[in-house]
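> Let me give you the structure first, and then I'll get to my questions.
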Amino acid sequence: MRYRLAAFVVLLAGAPVAAQDFPAIGSQYIDFGASMASVGQMNNVLGATVRSRAGRPASAQPRSNATASTRYRGSPVVSARVRAQFGDFVAKADPANAGRLRNAVLQQDLLGAWEKHVAVDGLRRGDVADAMAAYWVQNWQIANKVPFASRAQVQAVRGQVSRALAASPAFAKLDDAARQEMAETFMLNFVAQGSAFSDATARRDAGAAARLSDAAAARFRQGMNLDLRRLRLTAAGFSADI
């Protein structure tokens, strides 16, 4: 089974907030929630892991025996808060359509759309590793304009994320609410960025697709000092050619 960016055109078709509503958000270099210390820390944890494995064959890569859970118990209160913050973020990114977009974000089940999209690769809600893996793979796809990634590749990245988080003292200190906030931040960014890119490719708008691709590359270069265009996605996960 395949991971497909274009599926968002179907998932959001006919909804008050459609794929074409997100380019202003998807083309930004800065993510929603990028200022959250926990999100930045965990991105850097995984980024350091990927960089440290540059040039090593998969068989030589160290394996962590850590078994710390990356799951969390979800709360509707936390989801409502994150969704409201995302609505504010969307409104600020596109002031001309602020009211309509904010209302649509509050009314539509964007997390449900995320879950339907990633289910084919065995990912699910309630797990930070699943949310983070989907976000990393999709940004890599957008930066490199690669429409498909296999379930095996996505699951390999999920394994990399899980091991990196399990070895992180900062992650171990996070409670359920903090983990949920982090995961749903990754999920909402995924929906906005993937929707914008899938819409641009469906419309064959090469200029918009290029801007969104450059934005994805810039997010990781500026935030994690990692060049997505020099990463390889393999059956063993991400490998850095740096």
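> Scan region 72-124 residue by residue and report those that are surrounded by 14 or more Cβ atoms within 10 Å (Cβ to Cβ), within 27 Å of A166 (Cβ to Cβ) and in contact (Cβ under 8 Å) with a residue 60 or more places away in the chain.
Listed by number, the residues that qualify are Y72, G74, V78, S79, R81, V82, L111, W114, H117, V118, V120, D121.
> Output the number of residues of region 49-87 satisfying the condition of being in a helix (DSSP H, G or I) and modelled with pLDDT of 80 or more.
Just the residues of region 49-87 that are in a helix (DSSP H, G or I), to begin with: 49-52, 58-60, 76-87.
Still in the running and modelled with pLDDT of 80 or more: 50, 76-87.
Of the residues in that region, 13 qualify.
> Filter region 101-149 down to the residues that are in contact with a helix residue (DSSP H, G or I) (Cβ under 8 Å, 6 or more places away or on another chain), within 15 Å of G74 (Cβ to Cβ), modelled with pLDDT under 95 and part of a loop (DSSP other than H, G, I, E, B) and list them by number.
None; the set is empty.
> Let me ask you something else. So, in region 221-232, how many residues would count as being at pLDDT 90 or above and buried (at least 19 other Cβ atoms within 10 Å of the Cβ)?
So the count comes out to 2.
> For residues in region 189-213 being surrounded by fewer than 16 Cβ atoms within 10 Å (Cβ to Cβ) and of a type in the set (D, E, K, R), which is modelled with the lowest pLDDT?
Ranking the candidates gives R203 first.
> Kindly indicate whether A208 is in contact with a helix residue (DSSP H, G or I) (Cβ under 6 Å, 6 or more places away or on another chain) and either in a helix (DSSP H, G or I) or within 17 Å of V39 (Cα to Cα) (or both).
Judged against the criteria, A208 is a match.
> Out of D130, D175, which single residue is of a type in the set (D, E) and more than 13 Å from the chain's Cα centre (by Cα)? It would help to see each step written out before you state the result.
Numbers: D130 fails: more than 13 Å from the chain's Cα centre (by Cα).
Every option except D175 fails the conditions.
> Among the listed residues A216, A133, A210, A206, which satisfies the condition of being touching a residue at least 40 places away in the same chain (Cβ under 8 Å) and hydrophobic (A, V, I, L, M, F, W, C)? Talk me through it step by step, then tell me what you get.
Numbers: A133 fails: touching a residue at least 40 places away in the same chain (Cβ under 8 Å); A210 fails: touching a residue at least 40 places away in the same chain (Cβ under 8 Å); A206 fails: touching a residue at least 40 places away in the same chain (Cβ under 8 Å).
Testing whether each residue is touching a residue at least 40 places away in the same chain (Cβ under 8 Å) and hydrophobic (A, V, I, L, M, F, W, C) leaves just A216.
The values are calculated or read from the model by the stated rules, or taken from the named source; none is laboratory data. Keep in mind that this is a model prediction, so the values were computed, not measured. FYI the Cβ positions are ideal-geometry reconstructions off the backbone, even for glycines, and counts take in every protein chain you see.
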